[in-house]
Amino acid sequence: MYRTKLIIIAFLTTATVNIKAQDDIKAKKVLDELSTKTKAYTTIKAEFEFTNEKKDKSKDIQKGKIETKGNKYKLEIPGHEIYCDGKTVWDFIKDANEVQIKDMEVAGDDAINPSTIFTIYEKGYKFKFESEDATIQTISLFPTNPDKKKFHTIKLLIEKNKKQISSVKMLMKDGSTQTYQIKSFVGNIDLPDTDFKFEKKAHPAVEVDDLRDGK
């Protein structure tokens with residue numbers, strides 16, 4: 001009887017490991033295909049809806065737009081237009097008619113650079129295939145450095161046919177969730193470099209707060 005129990009335990013343990021390995025292999029295949037498709041785009045223009053749901057279930061919903069070109073990006077959210085040319089970041093605060101200028105920082109362990117929202121899965125995460133239906137595949141990402149994150153899990157929902165991210169859901173350690181729902185997505189359109197720089201000439205009365213080192 002004791003030996004039989006050991007065999008059963010061993011079998012179940014092996015089966016669990018094999019299932020996990022299969023999930024990981026499937027997740028890697030899906031993510032590799034997603035990466036190949038995404039990197040084929042020289043530019044991306046998308047509209048999204050950002051939902052911050054707190055632990056008490058109250059929600060804050062905002063709509064935004066983003067354009068990316070390499071490490072350049074332009075982000076539009078309520079009250080702000082944020083430009084980055086790969087070196088400098090301009091945050092135009094509309095209500096205050098003020099623009100804050102900063103050096104672009106290398107994304108830290110807690111940061112998500114808007115230019116990399118569609119490739120967030122490529123570095124610093126373990127992954128697991130969760131589920132799929134006729135149109136959507138769900139993959140969970142787990143940070144390899146969890147102590148330095150404010151979230152413990154990211155769930156990617158991926159459109160199977162288009163091989164594009166449909167939504168990014170971050171499960172925060174404080175019990176809240178932050179979700180980026182992609183509403184529209186267009187790749188490989190002409191986006192001039194001037195789109196990624198704040199033009200003071202277009203806002204002659206704007207107040208400039210230059211926060212760059214040495215300024």
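The values are calculated or read from the model by the stated rules, or taken from the named source; none is laboratory data. Note that the structure is predicted; figures quoted are calculated from it, not measured. A quick note on method: Cβ atoms are made from the backbone with ideal geometry, for glycine too, and the neighbour counts reach across all protein chains shown.
Remarks
- Flag if residue 144 is without any contact (Cβ under 8 Å) to a residue 12 or more places away in the chain, over 17 Å from residue 33 (Cβ atoms) and among the polar types (S, T, N, Q): no
- Complete set of residues in segment 196-205 that are more than 21 Å from the chain's Cα centre (by Cα), touching a residue at least 24 places away in the same chain (Cβ under 8 Å) and part of a helix (DSSP H, G or I): 200
- Among the residues listed as 86, 70, the single one being out of contact with any strand residue (DSSP E or B) (no Cβ under 8 Å at 6 or more places or on another chain), of a type outside the set (A, V, I, L, M) and within 16 Å of residue 193 (Cα to Cα): 70
- Checking residue 143 against (1) exposed (fewer than 11 other Cβ atoms within 10 Å of the Cβ); (2) within 17 Å of the chain's Cα centre (by Cα), the condition it does not meet: (1)
- Filter result (outside any strand (DSSP E or B), under 23 Å from residue 24 (Cα atoms) and out of contact with any Leu (no Cβ under 6 Å at 6 or more places or on another chain)) within segment 135-185: 135, 144, 145, 146, 147, 149, 160, 161, 162
- The requirement of being outside any helix (DSSP H, G or I), within 30 Å of residue 132 (Cβ to Cβ), modelled with pLDDT under 90 and not β-branched (Val, Ile, Thr) is fulfilled somewhere in segment 87-107, by at least one residue.
- Scanning segment 43-78 for residues that are touching a residue at least 24 places away in the same chain (Cβ under 8 Å) and more than 18 Å from the chain's Cα centre (by Cα) turns up 54, 55.
- When segment 26-66 is filtered for residues that are hydrophobic (A, V, I, L, M, F, W, C) and loosely packed, with under 12 Cβ neighbours inside 10 Å, the ones remaining, listed by number, are 40, 61.
- Residue check for residue 81: surrounded by 12 or more Cβ atoms within 10 Å (Cβ to Cβ), more than 27 Å from residue 196 (Cβ to Cβ) and in contact (Cβ under 8 Å) with a residue 40 or more places away in the chain: no
- Top-ranked residue of segment 55-83 - restricted to ones that are of a type outside the set (S, T, N, Q), outside any strand (DSSP E or B) and in contact with a Ser or Thr (Cβ under 8 Å, 6 or more places away or on another chain), ranked as farthest from residue 176 (Cα to Cα): 70
- The lone exception for residue 194 - which of (1) surrounded by fewer than 16 Cβ atoms within 10 Å (Cβ to Cβ); (2) of a type outside the set (Phe, Trp, Tyr); (3) touching a Leu at 6+ places or on another chain (Cβ under 8 Å) it fails: (3)
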